[in-house]
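The values are calculated or read from the model by the stated rules, or taken from the named source; none is laboratory data. For clarity, every value in this text was computed on a predicted model and none was experimentally measured. Backbone-built Cβ (ideal geometry, glycine too); neighbour counts: all protein chains shown.
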Amino acid sequence: MTLLYALTWMPILLLNQPVGFAGETRSIAGNTLPAGRLGEVIKLGESIITETSQHPLSSRYVGNDLNCTSCHLNSGRHHHAGSFLKTATAYPAWSPREQRVITLEDRILNCFMRSQNGQRPPNGSEVSVAIAAYITWLSEGDSIKLNPLKPLGPNHTPAVNLEGMKANVQRGKTLYVDRCADCHGNNGLGDLSNPPVWGPNSYNDGAGLSRVPKLASWLKVAMPLDDEDLTVQEALDIAAYINSHPRPHFDLPAHLPSDERLGEYNGVRESSSHAKER
Ligand code: HEC
Ligand code: HEC
């Protein structure tokens, strides 16, 4: 990092201290940070997930205005909204999407390509290891229970039951204007303190939240921020309204690094230029 770059970035770092590691040196279970370099890397991982789009180690891998914690609330310490609590206990896990067993690191890197609309950081890179260290630390002391069905930990966002329900986009619009637009804007583009929910700087159409049932489930436990009281029908209508707007298109090869930096992807050495879209 050049000195000039470091200086430009410093005020952002200072301003963001309170939301950064939040002075927490204990995981939710009360575990203290391990001593030495490992503890520092765990702290770095938390800073990266809260400042993903600006952090000098991760910003180059991000293609939108979101941070991991835009969806994984409270640094992943939220019990339902994209929780990272006990997540590490479920990996390696079977992934039906990739048709592979994937590691926690692979799972993290997938969110870079889809939810962050960015480039897949190389496996073993500082960013990837620091985030994996932080998420694993949140599971310290919990028993391992590998997930043979899906790459999801035991506290993943609970899926709402949508049986017999139909989404109504028009009703979703009215609700959005009433309950969400104050923060995310009528145009959905957000502002400095609130992330965009559609448009070019939002998650792409390969992301989990681009699927209406997944977004409805997440909204049910996460939004409106600090006032999560939507009914399932309201969450469904708003989700359908949000996802009726344009967002970047996901095309797998465009999100993989160059062949020399790719390493292994899903267990095969796949050329980034020949990778099939999945
Ligand atoms: C636009 C929203 C969004 C953003 C931004 C995002 N994710 Fe995710 N992520 C999700 C959703 C949705 C899931 C599915 C998990 C669930 O339903 O609880 C998920 C799943 C995960 C999982 C697996 C959780 C589990 O229960 O096994 C990990 C790990 C993860 N994300 C890491 C990250 C990291 C690291 C970043 C930042 C580089 C990130 N995510 C950015 C939405 C997002
Ligand atoms: C008080 C302001 C506020 C209100 C009201 C609010 N949000 Fe949010 N929303 C946020 C913030 C801030 C985040 C990012 C979370 C963080 O950084 O802690 C967020 C994150 C999100 C995200 C995931 C990240 C992204 O931008 O894609 C979605 C989707 C979302 N909100 C939708 C909604 C919907 C739908 C409503 C109305 C039902 C709503 N929000 C109401 C402030 C708000």
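Points worth noting:
Residues are listed down the side, and each one gets a yes or a no for (1) under 22 Å from the mean Cα position of the chain (by Cα); (2) exposed (fewer than 13 other Cβ atoms within 10 Å of the Cβ); (3) of a type outside the set (A, V, I, L, M):
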residue: PRO158; (1), (2), (3): yes, yes, yes
residue: MET165; (1), (2), (3): no, no, no
residue: THR174; (1), (2), (3): no, no, yes
residue: ASP191; (1), (2), (3): yes, yes, yes
residue: ASP205; (1), (2), (3): yes, no, yes
residue: SER210; (1), (2), (3): yes, no, yes
residue: ASP227; (1), (2), (3): yes, yes, yes
residue: LEU236; (1), (2), (3): yes, no, no
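- Residue check for PRO158: in contact with a Phe, Trp or Tyr (Cβ under 6 Å, 6 or more places away or on another chain) and part of a loop (DSSP other than H, G, I, E, B): no
- Filtered by the rule that a residue be charged (D, E, K, R) and within 11 Å of ligand 2 (Cβ to nearest atom), segment 174-215 gives ASP178, ARG179, ASP182, ASP191, LYS214.
- Cross-chain or 6+ apart pairs with Cβ under 8 Å, segment 180-202 first and outside the structural domain of LEU66 (by TED's automatic domain parsing), then assigned to a loop (DSSP other than H, G, I, E, B) and among the aromatic types (Phe, Trp, Tyr): GLY188/TRP198; LEU189/TRP198
- Residue within segment 213-224 that is within 23 Å of GLU51 (Cβ to Cβ), assigned to a loop (DSSP other than H, G, I, E, B) and in contact (Cβ under 8 Å) with a residue 12 or more places away in the chain present: yes
- Test set (1) assigned to a loop (DSSP other than H, G, I, E, B); (2) surrounded by 17 or more Cβ atoms within 10 Å (Cβ to Cβ); (3) within 16 Å of ligand 2 (Cβ to nearest atom) - HIS79 fails condition number: (2)
- When residues of segment 50-69 are limited to those that are of a type in the set (Ser, Thr, Tyr) and more than 17 Å from ARG107 (Cα to Cα), the one surrounded by the most Cβ atoms within 10 Å (Cβ to Cβ): THR50
- Among all residues of segment 189-203, there is none that is of a type outside the set (Gly, Ala, Ser), over 22 Å from GLN54 (Cα atoms) and more than 16 Å from ligand 1 (Cβ to nearest atom).
- Candidates LEU104, LEU109, LEU149, filtered to the one that is touching a strand residue (DSSP E or B) at 6+ places or on another chain (Cβ under 8 Å), modelled with pLDDT of 95 or more and either of a type in the set (A, V, I, L, M) or away from ligand 2 (no atom under 16 Å from the Cβ) (or both): LEU149
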